[in-house]
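Undergrad: Quick one: the structure is below, questions incoming.
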Amino acid sequence: MGQALKDHKGRPVIVVTGIGVVTSLGEGRDDNWDALTSGKSGIRKITRFSTDGLRTQIAGLVDLGNSGPHVSTVHSLDMAMRSANEALEQSGIGSPGSFPGPLFLAVPPVDIDWSVRAEMYRKNPDSNLTGYPRMIEAAQTGDFTIVHDLFQFAAGGEYLAEKLGTRGMPVALSTACATGATAIQMGVEAILRGDTDAALCVATDGSTTEEMVVRFSLLSALTTQNDPPEKASKPFSKNRDGFVMAEGSATLVLETYESAKARGAKILGVVRGRGERADDFHRTRSKPDGSAIIGAINNVLSDSGLEPEEIDYINAHGTSTPENDKMEHFSLDAAFGECLQNIPISSNKSMIGHALIAAGAIEAVFSMMTIQTGVIPPTINWDIPDPTISLDVVPNVKRDKDVRTVLSNSFGFGGQNVCLVFSGEPA
Amino acid sequence: MESKPDEVWVTGIGLVSSIGEGLETHWRHLTTDTPPKPILDEESFAPYPVHPQAEIDVSSQIPKRGDQRQMGNWQQLGTYAAGLALADANLTQKSEYLQEMNLVVAAGAGRRDEEVDTAILEGLGQSNDPAAFLVESLSNELRPTLFLSQLTNLLAGNISIVHGVTGTSRTLMGEDPGGLAAMQTATRQIQSGQGDLFLVGGAYYASRADGILIWEAGNYLWDKPHVPVWSRTDEGGFIFGTAGTFLVLEARAHAEARGVKPYARIHSIEGDRCRREPGEATRIAKEQFDRMSRDIPKGPLAILSGASGVQPVTDEERGFLESLAERGYDPVYRGYGTQFGQSNEAHFLLGMALGALALSKGEFFTPFDSTGFEKDFTGNIQQMLLNFWGSWRGEGMALIDTPPDTATRGEG
């Protein structure tokens, strides 16, 4: 058995031994990393559904080449299986269909697709009912059991737990755009309290539908600079005007350093710390004094046992909305002070868009790859700097740098603020 | 957020259901008439009965009208129950505690706008270009506030805003087992020293056609007049019930330092899943009970069951409960679904609240039906088993008890 390695608080060190990823840039670590470090964009005009009349007509969609009607929940789970399989294969933990720990799943809130609603509505053309009673009448025929099996909130966790053979009850999470990071927090905490030696953290979001585009548009959250699509996401730029919706999935295999060493697994990095602070100011905006985000950053530094100047790189939340990028810069500035000027910070969302529920986990995977390769992906589309944001955003071109520690930020509607610190394998 | 590993105390309960609001209302209702009369709305969604929400004065817990307007009725119900729990734990506006308090919420999504959906579905059938019609209609009909009022994690978000709870904030999904997972997470965090003060809860607002649609599609609903869960024969089925339930969980040392008394102590919570092949849930429950029973003396055992009435699993659960007699126990159980219906994310939390309430009174509830399965319980109770098999998935069990050598809430 390997020696139990403890962190600065006397807790077992928790490592990552497998990562998998699917984004609008492609499927798998290698394709994604090539594109991401080449500064390519995965943002395109939406062709999956009609965007006539919509103010936003672009997204970072994932096309898996499946035939048949598009059902968003099925799409989310398809991506999840792909990222999970890649991570499990890399990790070598367990055996196919059997994972020795629980599943923490970041998955979008479920809703019935319009195509399915319409199908139920058409079921009995002679019905004299309208509205929900008419769909319920269709449900009574027993021909729509799939609606129950797919569109309840427990469906995703059940499907993946069965397929992947995780232990116990799957835990499905929803903390808006921080959910991917929350799944990692929950996995770390389960291991730290001795409930398990390993945890599977899966995040996925395939929820870009007509209705979701309209909903985010109504909140004025999306960019309307549709042409050209690949230039639309421009975090920290002066002319940024909203985020680009995107799809994707990422998986991380977490386990104790001790158990990874004992089975001879390759260690990709360490989940060094986690910090969180909920905001009570507004449903979609941060406290103007930044105290909640600053609190989350201070908490992660303290949990990691690191001083600000010991952070080598920041993987930003960087959504490209006027509000987020302003508040993220303001809060980092307050928490880090002068040394912030020496820390490169970049936003993967400039290339892959904002994969919402999955974003935090996708960015965790890319953070691990930066530690592994010593390459920082750029913030592309940084053509018109915002003079009020003084950050080294690694503009437009990747940078080589030996990176030992990464701060990854995830902030979401509903006052969700989660920060994670990853570091390299312990010496 | 690390503190010392500790016992988990329930120091505050907020409860709203079809029966009413607050613990005393529920205690009276569930201990006076045998059996108590369930509160039902049999008209609105006929043939499906529902247990509707009792009237509440929303403004008493959510004073700002601006806040009220931003919420769906499920969010209002949950935010209201959360406020009751904080008040009950003497934490209202105590920012020195609230700003470090951790929130664990079990939530689904808010009710869809049925009028808008109906108009779109009618129009889709008439349109020559349904794809364009759908986009145009959604753009014209949806309101900005609707999104947030339906968004899963905005129950937690609203609780932060209205009540000032700003430690960690985690929302778990997944209907009834989602509530179980929320409670188990918070309990384990306190037991292992990952936090010492939590607000845990969930809410389900039963009077909604979109919920009925999904569960009728799977043939899970009871579509006849109300009968006790144990009497639902053939394919059985559940009746949706409204519940908003929040509990304040606190490390013993934290509660003692604040000078507050517990309703009950959480001994342990377990959860698992299976495909529900015949006997699978029973096998899981037996293993869970094996671990807990080391701390349960033989003899009369008060049990709350979350059985939904769906078959065959409800019959299987009753068989498991009765089988405890073979191990030297006298199982006396109450199927609280008979009185409250099935309240999805809130359902497990409701069971925990009822269990803690009964322990603080030292007595068990009157039988919830006249089937004869639910026997009288005479004498004092010090332990309560909560057996919880989700209507579709999830097998959970919890053991809660009266902390020894401690005055509890019911003792004044």
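The values are calculated or read from the model by the stated rules, or taken from the named source; none is laboratory data. Only a predicted model underlies this, so the values are computations on that prediction, with no experimental measurement involved. Methodologically, a virtual Cβ is constructed for each residue, glycine included, from the backbone with ideal geometry; neighbour enumeration extends over all protein chains shown.
Undergrad: Just to be sure, is residue B:109 within 30 Å of residue B:348 (Cβ to Cβ), among the hydrophobic types (A, V, I, L, M, F, W, C) and buried (at least 24 other Cβ atoms within 10 Å of the Cβ)?
TA: no
Undergrad: Further, regarding this structure: Please go through the stretch A:50-70 and pick out each residue that is of a type outside the set (Ser, Thr, Tyr), farther than 14 Å from residue A:226 by Cα and surrounded by fewer than 20 Cβ atoms within 10 Å (Cβ to Cβ).
TA: Correct list: A:63, A:64, A:65, A:66, A:68, A:69, A:70.
Undergrad: Follow-up question, since we're still on this one. May I ask you to say which residue of B:220, B:204 is within 24 Å of residue A:110 (Cβ to Cβ), among the hydroxyl-bearing types (Ser, Thr, Tyr) and surrounded by fewer than 24 Cβ atoms within 10 Å (Cβ to Cβ)?
TA: Details: B:204 fails: surrounded by fewer than 24 Cβ atoms within 10 Å (Cβ to Cβ).
When all the criteria are applied, what remains is B:220.
Undergrad: Using the structure shown, decide if residue B:214 is in a helix (DSSP H, G or I), within 8 Å of another protein chain (Cβ to nearest Cβ) and modelled with pLDDT of 95 or more.
TA: yes
Undergrad: Right, something else. At least 3 residues that are closer than 26 Å to residue B:166 by Cα and in contact with a strand residue (DSSP E or B) (Cβ under 9 Å, 6 or more places away or on another chain) in each: list the helices (runs of 4 or more DSSP H) lying fully within the stretch A:151-253 that qualify. First the steps, then the outcome.
TA: Details: elements: A:155-164, A:179-192, A:210-218.
It comes to A:179-192.
Undergrad: When you scan the stretch B:344-360, do you find a residue that is touching a residue at least 60 places away in the same chain (Cβ under 8 Å) and more than 19 Å from residue B:23 (Cα to Cα), even just one?
TA: Yes: one or more hits.
Undergrad: Anything in the stretch A:28-49 that is of a type in the set (D, E, K, R) and crowded, with 20+ Cβ neighbours inside 10 Å? List them, or say none. Before the answer, list the steps.
TA: If we filter the stretch A:28-49 for residues that are of a type in the set (D, E, K, R), which is where we start, we get A:29-31, A:34, A:40, A:44-45, A:48.
A:29, the sole residue that qualifies.
Undergrad: Return the residues of the stretch B:1-57 that are within 18 Å of residue B:341 (Cα to Cα), touching a Ser or Thr at 6+ places or on another chain (Cβ under 9 Å), hydrophobic (A, V, I, L, M, F, W, C) and within 14 Å of another protein chain (Cβ to nearest Cβ); say none if nothing qualifies.
TA: Selection gives B:45, B:50.
Undergrad: Filter the stretch B:338-391 down to the residues that are assigned to a loop (DSSP other than H, G, I, E, B) and of a type in the set (Val, Ile, Thr), then identify the one that is surrounded by the most Cβ atoms within 10 Å (Cβ to Cβ).
TA: This residue is B:381.
Undergrad: Please find, among B:222, B:230, B:215, the residue that is in contact with a Ser or Thr (Cβ under 6 Å, 6 or more places away or on another chain), over 27 Å from residue B:83 (Cα atoms) and not hydroxyl-bearing (Ser, Thr, Tyr).
TA: Exactly one of B:222, B:230, B:215 is in contact with a Ser or Thr (Cβ under 6 Å, 6 or more places away or on another chain), over 27 Å from residue B:83 (Cα atoms) and not hydroxyl-bearing (Ser, Thr, Tyr), namely B:230.
Here's the yes/no breakdown for (1) of a type in the set (A, V, I, L, M); (2) within 19 Å of residue A:37 (Cβ to Cβ); (3) buried (at least 24 other Cβ atoms within 10 Å of the Cβ); (4) at pLDDT 95 or above:
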position	(1), (2), (3), (4)
A:297	yes, no, yes, yes
A:309	no, no, no, yes
A:312	no, yes, no, yes
A:316	yes, yes, yes, yes
A:324	no, no, yes, yes
A:330	no, no, no, yes
A:335	yes, no, no, yes
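Undergrad: Please count how many residues of the stretch B:6-28 are touching a residue at least 12 places away in the same chain (Cβ under 8 Å) and outside any strand (DSSP E or B).
TA: 9
Undergrad: Of all the residues that make up the stretch A:317-374, how many are in a helix (DSSP H, G or I), farther than 21 Å from residue A:268 by Cα and more than 15 Å from the chain's Cα centre (by Cα)?
TA: So the answer is 21.
Undergrad: Any residue at all in the stretch B:161-180 that's within 23 Å of the chain's Cα centre (by Cα), surrounded by fewer than 23 Cβ atoms within 10 Å (Cβ to Cβ), part of a helix (DSSP H, G or I) and at the interface with chain A (Cβ under 8 Å from one of its Cβ atoms)?
TA: no
Undergrad: Condition first: farther than 20 Å from residue A:107 by Cα and either touching a strand residue (DSSP E or B) at 6+ places or on another chain (Cβ under 7 Å) or among the aromatic types (Phe, Trp, Tyr) (or both). Now tell me which residues in the stretch B:157-182 satisfy that.
TA: Selection gives B:159, B:160, B:165, B:167.
Undergrad: Looking at (1) among the basic types (Lys, Arg); (2) surrounded by fewer than 23 Cβ atoms within 10 Å (Cβ to Cβ); (3) touching a strand residue (DSSP E or B) at 6+ places or on another chain (Cβ under 9 Å), which is the only condition residue A:274 fails?
TA: Tallying (1) among the basic types (Lys, Arg); (2) surrounded by fewer than 23 Cβ atoms within 10 Å (Cβ to Cβ); (3) touching a strand residue (DSSP E or B) at 6+ places or on another chain (Cβ under 9 Å), residue A:274 fails exactly one: (2).
Undergrad: If you don't mind, another one. Run down A:192, A:173 and say which single residue is crowded, with 24+ Cβ neighbours inside 10 Å, within 8 Å of chain B (Cβ to nearest Cβ) and either in contact (Cβ under 8 Å) with a residue 60 or more places away in the chain or touching a Gly at 6+ places or on another chain (Cβ under 9 Å) (or both).
TA: Of the residues listed, the single one that is crowded, with 24+ Cβ neighbours inside 10 Å, within 8 Å of chain B (Cβ to nearest Cβ) and either in contact (Cβ under 8 Å) with a residue 60 or more places away in the chain or touching a Gly at 6+ places or on another chain (Cβ under 9 Å) (or both) is A:173.
Undergrad: Looking only at the stretch B:43-52, decide whether some residue is aromatic (Phe, Trp, Tyr), assigned to a loop (DSSP other than H, G, I, E, B), more than 26 Å from residue B:266 (Cβ to Cβ) and touching a Leu at 6+ places or on another chain (Cβ under 7 Å). Before you say what the answer is, go through the steps one by one.
TA: Just the residues of the stretch B:43-52 that are aromatic (Phe, Trp, Tyr), to begin with: B:45, B:48.
In the following step, the residues that additionally are assigned to a loop (DSSP other than H, G, I, E, B) were identified as B:45, B:48.
Still in the running and more than 26 Å from residue B:266 (Cβ to Cβ): B:45, B:48.
Filter again for touching a Leu at 6+ places or on another chain (Cβ under 7 Å), leaving B:48.
Yes, the stretch B:43-52 contains a residue that is aromatic (Phe, Trp, Tyr), assigned to a loop (DSSP other than H, G, I, E, B), more than 26 Å from residue B:266 (Cβ to Cβ) and touching a Leu at 6+ places or on another chain (Cβ under 7 Å).
Undergrad: Of B:75, B:68, which residue is at pLDDT 95 or above and under 20 Å from the mean Cα position of the chain (by Cα)?
TA: Numbers: B:68 fails: under 20 Å from the mean Cα position of the chain (by Cα).
Only one candidate passes the filter, namely B:75.
Undergrad: Still on this model: Only one residue in A:154, A:106, A:139 is touching a Phe, Trp or Tyr at 6+ places or on another chain (Cβ under 7 Å), surrounded by 20 or more Cβ atoms within 10 Å (Cβ to Cβ) and at pLDDT 95 or above. Which one?
TA: None of the others qualify; the one that does is A:154.
Undergrad: If you check residue B:3 against the conditions, is it more than 17 Å from residue B:247 (Cα to Cα) and not assigned by TED's automatic domain parsing to the domain that holds residue B:229?
TA: yes
Undergrad: Which of the residues spanning the stretch B:95-118 are more than 26 Å from the chain's Cα centre (by Cα) and more than 9 Å from chain A (Cβ to nearest Cβ)?
TA: Hits for the stretch B:95-118 are B:95, B:96, B:116.
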